[in-house]
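Right, one structure below, let's go through it.
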Amino acid sequence: MFSVQIEKPFSAEHESLIIGLFEKPAKFEGQLLELDQAFAGGLTELVKDGDISARKKKLSKIHTMGKMAVKRLYFVGLGKEAALSFEALRGIFGAVVKKIKEEKHEEAAVYLDSFITEKVGALDAAHALGEALALAAYRFEGYKQKSNEPEKNINHITVYTEAADEEEAMAALTVGYVYGNATNSARTLVNLPGNLLTAADLAEYAKELGAKYDFEVEILEKEDMLKLGMGALLAVNQGSSEPPKMIVLKYQAKEEWKDVIGLVGKGITFDTGGYSLKTKTGIVGMKTDMGGAAAVLGAMEIIGELKPEQNVVAVIPATDNMIGGHALKPDDVITSLSGKTIEVLNTDAEGRLVLADAMTYAKHHGANYLVDAATLTGGVITALGTETTGALTNNEAWFEQVLEASFEAGEPIWRLPLFERDKERVRNSKIADLNNSPGSEGHAIMGGAFIGEFAEDTPWVHLDIAGTAVRKNANDLGPAGATGVMVRTLALLVERFETEE
Ligand code: BES
Ligand code: MN
Ligand code: ZN
């Protein structure tokens, strides 16, 4: 996919050469001076006339008409140098990738050194490019009989740089590409309809991932759950004709199984709401209710590829949430794996039920640090919208680590409060230890508060991705539909993890 060259970019044959231009105002200097000279100062003229623009994200295509070995030049406006962030650059590369794809070119070269600033170095830029290449080219095939002509994808990128070591630049590109591709895997899982991605299918996918990367795989069947007393996951599955699965992947990189990070992902393959049935409009789109599971599996793909020196256990409770003669009902009381009893007030608050058992099971597997990712509440969309993931925690220092990772990944999260008085509301039941739905006031907090009861004293961060797992409109880094949100944050969290002793 990639090659890195240190020599000058203008003498080799390429379909396209991509060059960044800063507004300062746009000037051709250094290597670019040579380029301008090849056109007898013509490029400078084009800038003056406004045919080449350095305005942020503006693309200007110039055909070289045989004056150079490169067929066309794409100038990419980068705006003001000091204002360019890693995230912005990744978006800009995404826009470029989309354009090249649209124009059906399969090969291109990038003059990397024209994109770097004091803040965003050559290796950052290479990582951003690698990520953008995968993310921006993503498409979900779908099931139309008459599919459009097969899409042309970029299959080779040559990167020219003198600002970084060849091997290091290659590694940064590849790591970025791994991050992007794993995010795409998660997107596909989320985009798959509920009839084509059941709990069993999700388990099968996890098994294959485990075989590929040599993870230890454990899939609990219904009978195992009955023996263990996983009453909460079983309760949600009661109305379904699809068997539930508790999916566990273990990645051990340290000699001892300690300092274990537990990644827990909500795997509801379709959420009807159960007897607290969703409305005919609210139910559409509920195939995406396994976005947390997809985020965890995507992160495990990165972990499998890059093999960081950490111990990780991934736990995914998988089932759909259906109605039927055997289904869970409001007022039912169930017993979770932890022993805690739960009064079910709302069968549509099913995510917290399956996650309750998953959290306890992650602890049984030795997790000492927990993160759960879940499309848990409509309330988080009301509170934070669709660009920011909601977070809750019981541990400041662990939250800091998650926050850092999310910054680096460019996946914003925002913390909601969790006070004792909030916890009291989920503990308020006349006949059980907990209730699963204390009412709609602050219900994103209630969802997290409930899950927190099962983290107990283990450092834990809850990520509510109900608003961020899917987007209505395409952006520079992908189409409308699943975003693959939190894949990169979770993987970075594992890569950068520091134990708190
Ligand atoms: N899967 C939903 C949350 C959701 C809503 C995800 C919209 C994506 C978009 C979850 O299981 C749910 O139904 N939550 C309820 C909780 C309530 C019953 C306490 C909700 O948000 O209304
Ligand atoms: Mn629900
Ligand atoms: Zn749900």
Scanning the stretch 335-347 for residues that are near ligand 1 (Cβ under 10 Å from one of its atoms) and open to solvent by 40 Å² or more (accessible area, probe 1.4 Å), the one farthest from the chain's Cα centre (by Cα) turns out to be Leu345
Condition met for Met246 (away from ligand 2 (no atom under 16 Å from the Cβ), assigned by TED's automatic domain parsing to the domain that holds Ser440 and within 21 Å of Ala349 (Cβ to Cβ)): yes
Requiring at least 2 residues that are in contact with a strand residue (DSSP E or B) (Cβ under 7 Å, 6 or more places away or on another chain), within 16 Å of ligand 3 (Cβ to nearest atom) and among the hydrophobic types (A, V, I, L, M, F, W, C), the strands (runs of 3 or more DSSP E) wholly within the stretch 348-436 are 367-374
Please go through (1) in contact with a Gly (Cβ under 6 Å, 6 or more places away or on another chain); (2) under 23 Å from Arg488 (Cβ atoms); (3) more than 16 Å from ligand 2 (Cβ to nearest atom) for Ala293 and return the number of the only condition it doesn't satisfy. (3)
Could you tell me which residue of the stretch 253-282 is farthest from ligand 3 (Cβ to nearest atom), considering only residues that are of a type in the set (A, V, I, L, M) and either open to solvent by 10 Å² or more (accessible area, probe 1.4 Å) or more than 24 Å from the chain's Cα centre (by Cα) (or both)? Ala253
So for the stretch 18-27 (the condition being without any contact (Cβ under 8 Å) to a residue 40 or more places away in the chain, open to solvent by 50 Å² or more (accessible area, probe 1.4 Å) and assigned by TED's automatic domain parsing to the domain that holds Ala134), does at least one residue qualify? yes
Scanning the stretch 34-57 for residues that are open to solvent by 20 Å² or more (accessible area, probe 1.4 Å), of a type outside the set (Gly, Ala, Ser) and outside any loop (DSSP other than H, G, I, E, B), which turns out nearest to Ala88 (Cα to Cα)? Val47
Is it fair to say Gly91 is touching an Asp or Glu at 6+ places or on another chain (Cβ under 6 Å), open to solvent by less than 30 Å² (accessible area, probe 1.4 Å) and outside any loop (DSSP other than H, G, I, E, B)? yes
Among residues of the stretch 283-294 being within 11 Å of ligand 3 (Cβ to nearest atom) and among the aliphatic types (A, V, I, L, M), the residue nearest to Leu306 (Cα to Cα) is Met290
If I go through the stretch 178-201 residue by residue, how many of them are within 17 Å of the chain's Cα centre (by Cα) and closer than 11 Å to Met290 by Cα? 6
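Yes/no matrix, rows are residues, columns are (1) closer than 23 Å to Ala132 by Cα; (2) under 32 Å from the mean Cα position of the chain (by Cα); (3) among the basic types (Lys, Arg):
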residue: Glu7; (1), (2), (3): no, no, no
residue: Ser11; (1), (2), (3): no, no, no
residue: Asp49; (1), (2), (3): no, no, no
residue: Phe86; (1), (2), (3): yes, yes, no
residue: Lys98; (1), (2), (3): yes, yes, yes
residue: Tyr111; (1), (2), (3): yes, yes, no
residue: Ile116; (1), (2), (3): yes, yes, no
Can you confirm whether Ala469 is open to solvent by 50 Å² or more (accessible area, probe 1.4 Å) and either at pLDDT below 95 or not aromatic (Phe, Trp, Tyr) (or both)? no
Log entry, pairs with first residue in the stretch 260-289 being part of a strand (DSSP E or B), second being open to solvent by 50 Å² or more (accessible area, probe 1.4 Å), beta carbons closer than 6 Å, six or more apart or on different chains, reads Val260/Asn368; Phe270/Lys287
Just to be sure before I move on: is Glu15 within 21 Å of Ala164 (Cα to Cα) and either touching an Asp or Glu at 6+ places or on another chain (Cβ under 9 Å) or open to solvent by 80 Å² or more (accessible area, probe 1.4 Å) (or both) in the structure I sent? no
Can you find, within the stretch 297-334, the residue that is nearest to the chain's Cα centre (by Cα) among those that are of a type in the set (Gly, Ala, Ser) and part of a loop (DSSP other than H, G, I, E, B)? Ala327
Can you spot a residue in the stretch 414-437 that is buried (at least 17 other Cβ atoms within 10 Å of the Cβ), under 22 Å from Asn311 (Cα atoms), modelled with pLDDT of 95 or more and touching a helix residue (DSSP H, G or I) at 6+ places or on another chain (Cβ under 8 Å)? no
It is to be established whether one or more residues within the stretch 34-51 are modelled with pLDDT of 90 or more and closer than 30 Å to Asn184 by Cβ. no
So which residues in the stretch 438-452 are open to solvent by 20 Å² or more (accessible area, probe 1.4 Å) and closer than 17 Å to Asn394 by Cα, if there are any at all? Ile445
Extreme residue, farthest from Leu112 (Cα to Cα), among residues of the stretch 63-75 that are buried (at least 18 other Cβ atoms within 10 Å of the Cβ) and without any contact (Cβ under 8 Å) to a residue 60 or more places away in the chain: Met68
Screening Leu129, Leu133, Leu78 for residues that are buried (at least 24 other Cβ atoms within 10 Å of the Cβ) and in contact with a strand residue (DSSP E or B) (Cβ under 6 Å, 6 or more places away or on another chain) leaves only Leu78
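The values are calculated or read from the model by the stated rules, or taken from the named source; none is laboratory data. Predicted model only: the values in this text are computed from it and were never measured. Cβ coordinates were reconstructed from backbone atoms using ideal geometry, including for glycine residues, and neighbour counts include every protein chain displayed. The accessibility values were calculated without ligands, DNA or RNA, using every heavy atom of the protein model including side chains. Shrake-Rupley method; radii C 1.70, N 1.55, O 1.52, S 1.80 Å.
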